[in-house]
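Reading through the structure tokens given below for one structure.
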Amino acid sequence: MYTQALDTHGKEPVAAAAGESAAHALRFQSRVDADEKIEPKDWMPDAYRQTLIRQISQHAHSEIVGMLPEGNWITRAPSLRRKAVLIAKVQDEGGHGMYLYSAAETLGVTRDQLFEQLLSGVAKYSSIFNYPTLTWADVGAIGWLVDGAAIMNQIPICRCSYGPYARAMVRICKEESFHQRQGFEIMLTLAQGTPAQRLMAQEALNRWWWPSIMMFGPSDGESKHTAQSMRWKIKRFSNDELRQKFIDVTVPQAHFLGLTIPDAQLRWDEATQHYIGGPIDWSEFNAVLKGNGPCNRERLQARRTAWEAGRWVREAASAHAAKSAARTTQAA
Amino acid sequence: MSPAVATAARADRALNEALLRYVLRLGDTSLVLGQRLGEWVGHAPTLEEDLGLANLALDLIGQARLLLTYAGEIEGRERDEDALAYLRDAPEFFNLALAEQPNGDFGCTIVRQWLLDAWQLEIYAGLQESTDSRLAAIAAKALKETRYHYRFSSGWLVRLGDGTAESHERVQRAVDQLWRFTSELFAPDEVDERMASAGIAPSLSTAEVRWSAHMDEDLRAATLKRPAAQPYPWHGKRGVHTEHLGYVLAEMQHLQRTYPGARW
């Protein structure tokens with residue numbers, strides 16, 4: 001899964017802070033322009049480093065908070081096959097979190113520091129995970145729509161200028177694409193099922209459609225970091241371009257499922273060859289971003305509870321490691 | 001039908017019924033334990049442990065699927081893995097009662113896992129030699145997974161036992177609380193005896209000796225005390241469960257029960 005609105009937080013980055021040599025900065029930009037990968041030990045502008053730390057850690061946080069809404073259905077998955085697939089999927093999300101925290105660590109922060117920012121509410125994660133999973137169909141809708149939107153966002157990041165992030169994304173994208181197909185398959189089974197199952201699928205689409213298209217973040221005019229991130233090749237397409245691509249791909253899939261996109265104004269535009277939808281209610285997006293979504297408190301509380309309840313376990317592991325090391329030294 | 005043929009047919013039927021019961025015990029134990037571990041996903045003490053517990057859950061659900069599918073074939077009433085998992089009530093489940101015990105804290109989950117991993121290790125190792133080739137194949141696959149599970153759970157038992165004063169106290173309490181459920185693991189009944197004499201399943205007394213040696217070795221490394229053997233009056237493998245299983249099943253079976261006949 002992925003985090004939207006990565007570029008709506010924090011301060012506007014500056015290309016080169018005072019004291020950074022202009023020659024370094026020029027050489028850095030020419031390497032980026034030549035599509036060379038920037039590696040952890042290479043010189044980089046501080047603002048580039050900070051932008052990446054913020055973006056990669058938000059992405060990592062989104063993966064691990066994203067384990068919660070789907071994990072909510074593991075014990076209730078309606079068949080053993082679905083249960084196994086869902087466990088594997090949620091486990092993949094945790095794995096994505098791990099690669100991403102590792103990629104962020106190459107920039108000089110620790111996972112514990114980043115975790116602390118998540119638990120204290122300083123760091124953001126994708127708002128989409130602040131919505132509840134009320135029925136089994138929500139698990140299908142998340143795979144189909146949320147992972148589908150994630151793929152649109154993430155494929156370009158496989159070519160991001162920062163090497164460790166780009167490489168992590170290659171693997172993540174392969175797994176996301178599998179998740180998206182699984183989600184679509186759940187929706188297809190429901191859509192071809194009993195009237196109650198079809199209703200369940202339609203209601204899930206109603207719940208997840210607008211939050212999914214908001215995942216791409218504010219419209220280009222409102223998004224303050226897009227231009228600099230594009231120059232640095234951290235970002236390659238604008239929010240609106242990616243959102244349009246997602247809508248164009250997804251609407252025919254909904255038609256195939258026999259489901260209705262909950263947007264009365266949605267139409268095919270012959271001139272532009274795009275589906276054009278009605279206006280997005282950004283007040284909802286902003287409310288969720290500010291912490292007033294349906295599950296913001298629950299998600300953060302679940303992460304804090306797990307972290308607190310696990311403290312004695314982590315302390316035990318450290319204590320045992322120290323004792324073992326001392327015994328080895330003593331024996332030597 | 002001659003009396004001799006009729007006797008043989010009866011014996012076959014009895015053996016088949018015992019085999020069905022035996023395979024359900026194995027499958028239900030994996031299923032219920034996997035279901036319990038599934039409750040952890042997203043809530044573990046570290047990200048690594050989240051992935052580890054999910055891995056265990058996934059393997060156990062995988063084992064349950066193979067075993068329940070086989071049970072359905074032995075039974076011959078066209079019940080597949082899902083019919084067996086989702087449409088039986090607690091008295092028709094034959095898992096070991098230990099598997100259904102609540103997760104408790106991480107230490108409690110680890111102790112439950114360690115006790116059952118060491119049990120599965122011996123049972124699957126024995127079943128690899130089974131005269132029943134299907135069971136032997138399932139066991140060979142499951143044994144590889146179980147070796148990893150046991151490494152995970154015994155590793156954590158040692159870390160927690162030999163960690164801090166708090167972790168030592170917590171994990172010793174879990175051992176003390178769960179130990180009574182181990183009396184069921186190796187107490188043979190007529191099903192176990194029939195399986196052992198047909199060469200289908202390993203003898204429980206041999207398995208117990210090896211299991212017990214693992215217990216002593218791990219407890220020593222973890223600086224924990226082995227509780228005295230305690231007789232325990234309930235027997236999950238005969239369908240006599242603790243109060244917990246009903247809730248596990250209510251949650252697991254909710255969709256299948258609410259929407260009868262739907263395909264998922």
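The values are calculated or read from the model by the stated rules, or taken from the named source; none is laboratory data. This is a predicted model, so every value here is computed, not measured. All Cβ positions, glycine included, derive from the backbone under ideal geometry; neighbour counts span all protein chains shown.
Data table
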| quantity | calculated |
| --- | --- |
| Subset tally (residues that are within 20 Å of residue B:189 (Cα to Cα) and surrounded by fewer than 20 Cβ atoms within 10 Å (Cβ to Cβ)) for segment B:91-103 | 2 |
| Qualifying residue in segment A:290-299 (condition: under 30 Å from residue B:160 (Cα atoms) and within 14 Å of chain B (Cβ to nearest Cβ)) | yes |
| Condition check for residue B:121: away from every other protein chain (no Cβ under 14 Å), surrounded by 22 or more Cβ atoms within 10 Å (Cβ to Cβ), in a helix (DSSP H, G or I) and touching a Ser or Thr at 6+ places or on another chain (Cβ under 9 Å) | no |
| Residue match in segment B:231-252 (condition: in a helix (DSSP H, G or I), more than 10 Å from chain A (Cβ to nearest Cβ) and β-branched (Val, Ile, Thr)) | no |
| Test for residue B:186: is it touching a residue at least 12 places away in the same chain (Cβ under 8 Å), surrounded by fewer than 20 Cβ atoms within 10 Å (Cβ to Cβ) and under 26 Å from residue A:325 (Cβ atoms) | no |
| Any hit, segment B:104-115, residues being under 12 Å from the mean Cα position of the chain (by Cα) and not in a helix (DSSP H, G or I) | no |
| Flag for residue A:92 being within 20 Å of residue A:299 (Cα to Cα), more than 8 Å from chain B (Cβ to nearest Cβ), surrounded by 18 or more Cβ atoms within 10 Å (Cβ to Cβ) and of a type in the set (D, E, K, R) | yes |
| Residue within segment A:145-167 that is of a type in the set (Asp, Glu) and out of contact with any His (no Cβ under 8 Å at 6 or more places or on another chain) present | no |
| Qualifying positions in segment B:41-87 - assigned to a loop (DSSP other than H, G, I, E, B), more than 9 Å from chain A (Cβ to nearest Cβ) and touching a residue at least 40 places away in the same chain (Cβ under 8 Å) | B:87 |
| Unmet criterion (only one of (1) more than 26 Å from residue A:116 (Cβ to Cβ); (2) modelled with pLDDT of 95 or more; (3) of a type outside the set (Asp, Glu)) for residue A:18 | (2) |
| Test: residue in segment A:107-119 that is modelled with pLDDT of 95 or more, within 14 Å of chain B (Cβ to nearest Cβ) and assigned to a loop (DSSP other than H, G, I, E, B) | yes |
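Residue-by-condition table, conditions (1) farther than 24 Å from residue A:133 by Cβ; (2) in a loop (DSSP other than H, G, I, E, B); (3) at pLDDT 95 or above; (4) touching a Lys or Arg at 6+ places or on another chain (Cβ under 7 Å):
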{"position": "A:1", "(1), (2), (3), (4)": "no, yes, no, no"}
{"position": "A:5", "(1), (2), (3), (4)": "no, yes, no, no"}
{"position": "A:23", "(1), (2), (3), (4)": "yes, no, no, no"}
{"position": "A:35", "(1), (2), (3), (4)": "yes, yes, no, no"}
{"position": "A:40", "(1), (2), (3), (4)": "yes, yes, yes, no"}
{"position": "A:56", "(1), (2), (3), (4)": "yes, no, yes, no"}
{"position": "A:90", "(1), (2), (3), (4)": "no, no, yes, no"}
